[in-house]
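Enquirer: Quick one: this structure, given as structure tokens, is what I'll be asking you about.
The values are calculated or read from the model by the stated rules, or taken from the named source; none is laboratory data. Everything numeric here is computed off the predicted structure, so don't read it as measured data. Positions of Cβ are generated from backbone atoms using ideal geometry, with glycine treated the same way; all protein chains shown enter the neighbour counts. Ligands, DNA and RNA are stripped out before the accessible areas are found, and what is left, the full protein with its side chains, is counted by its heavy atoms. Shrake-Rupley method; radii C 1.70, N 1.55, O 1.52, S 1.80 Å.
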Amino acid sequence: MKVILSRKGSDSAFGGIPSIILPDGKIISIPIPGENSELISYGDINCGNRIGKLSDLISKLSSCIRFNGEKYAITEETKCHMDPDINGAVYPRDIMWKGCFGQIGAAQTVLEKANVDEGDLFLFFGWFNRTYYKDNRLYYCKGEGFHMIYGWLQIEKKIYTSQMKIPDWLTYHPHANGEKVHNKNNCIYVANENLTWDNGIRGYGMFDTYDESLVLTKAGMSRSRWRLPDSFKGIPITYHSERSWKDDYFQSACRGQEFVFQDNPIVEAWARDIISKYLSH
């Protein structure tokens, strides 16, 4: 089983603000702004009864969404790129729905060249920061935040949209409509119903609340400096080399979305433990 650390959600280039860890520890991943052809808006995403729509939560932030260097006004109608789509509770679903994730272009080429296929595991990570409320506004805590794993998807099958029929339940997805559909490089990864090594855990999902075990960034360092296990040294990972290993941290690549580990039992055990131990809390 290959493990892919997949960078997703709002970042410094698209969105311009970290995703949110609420004062009670609840994790809210902020999707990047979407294209007009996409079908889901920030107002369509339900963050739970106490919080409401994602557009309402973003409106309480002390910071502004940015896109291509410009401030981006988020309303209920603003389209978002909800991908990966791994939380069945945030949006109305077809009965056949499963977790899914789309990729295209250079990032998809990386996955193809690494032979990412059925049974392989995506661990999605993003830029997060803690927050606090003051006078009904939501503020980020001091500091730049950190990289954190927030979800997973184990691949059941791949759908190349220019060559294969898109199931009816999947036509809402941002990689299943618009111009992307006709691109031969456009691929949608559909999740297993359950994990192959534990039938009691779904093959996709999001972690609900903050836990230290999910954090990649090494304490006290900038978010791209990670605390990967020393036992990973020498294991090939796309976008990285032996020079990525420093004396006391791993320097993750500033560019690139899909960091694919070569098949290795050490990495596989680490990824399994992240999911299983968190869900057993």
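Enquirer: Just name one of S231, Q163, G178: the one whose Cα is farthest towards the positive end of the charge dipole of the chain (beta-carbon charges, Lys/Arg +1, Asp/Glu -1).
Expert: S231
Enquirer: Just to compare against my own numbers: the Cα pair-distance distribution for region 194-250, 10 Å bins, whole % per bin, please.
Expert: Values per bin, smallest distances first: 18, 35, 32, 14.
Enquirer: Here's a follow-up. So what's the Cα pair-distance distribution over region 70-186, bin width 5 Å, in %?
Expert: 2, 8, 15, 18, 20, 15, 10, 7, 4, 1, 0
Enquirer: Something else: How high is the relative contact order of the chain, given as a whole-number percent (alpha carbon pairs under 8 Å, six or more residues apart)?
Expert: It comes to 22 percent, rounded to a whole number.
Enquirer: Along the Cα-to-C-beta direction of K53, a point sits 7 Å from the Cα; which residues of region 19-38 have their amide N less than 20 Å from that point?
Expert: 20, 28-38
Enquirer: Here is a follow-up. Which value, in Å², gives the accessible area per residue of region 198-257 when a 1.4 Å probe is used on the protein heavy atoms?
Expert: 57
Enquirer: Translational D (Stokes-Einstein, µm²/s) of region 166-215 at 37 °C and 0.692 mPa s when Rh comes from the Kirkwood sum over C-alpha pairs?
Expert: 239
Enquirer: Still on this structure: Which percent of Cα-Cα pairs in the chain sits in each 5 Å bin, short to long?
Expert: Bin by bin from 0 Å, the calculated values are 1, 5, 12, 17, 20, 18, 14, 9, 4, 1, 0.
Enquirer: Can you give the Rg to Rh ratio for region 127-177, taking only C-alpha atoms and Rh from Kirkwood?
Expert: 1.25
Enquirer: Follow-up question, since we're still on this one. Sorted from largest to smallest, which semi-axis lengths in Å does the alpha carbon gyration tensor of region 135-281 give for its equivalent ellipsoid, taking the root of 5 times each eigenvalue?
Expert: With the √(5λ) rule applied to region 135-281, the semi-axes are 29, 21, 19 Å.
Enquirer: Which percent, nearest 5, of DSSP beta bridges in the chain are antiparallel?
Expert: In the chain, approximately 85 percent of DSSP beta bridges are antiparallel ones.
Enquirer: Note the per residue figure in Å³ for the convex hull of the C-alpha positions in region 1-148.
Expert: Cα-based convex hull of region 1-148, divided per residue, equals 136 Å³.
Enquirer: In Å and whole numbers, how far do the C-alpha atoms of region 85-138 stretch along each principal axis, longest first?
Expert: Sorted largest first, the three principal extents are 50, 30, 20 Å.
Enquirer: Taking a cut-off of 22 Å between Cα atoms, list the lysines near K157, but don't count ones fewer than 8 places away on the same chain.
Expert: K2, K8, K98, K113, K165, K180, K184
Enquirer: May I pose another question? Excluding same-chain residues fewer than 8 positions from K246, which aspartates and glutamates have a Cα within less than 18 Å of its Cα?
Expert: Correct list for K246: D230.
Enquirer: Using just the helices of the chain, give the 222 nm mean residue ellipticity in deg cm²/dmol: DSSP H runs with n ≥ 4 each add -39,500 (n - 2.57), and the total is spread over all residues, rounded to 500.
Expert: When only DSSP H runs of four or more count, the value is -3000 deg cm²/dmol.
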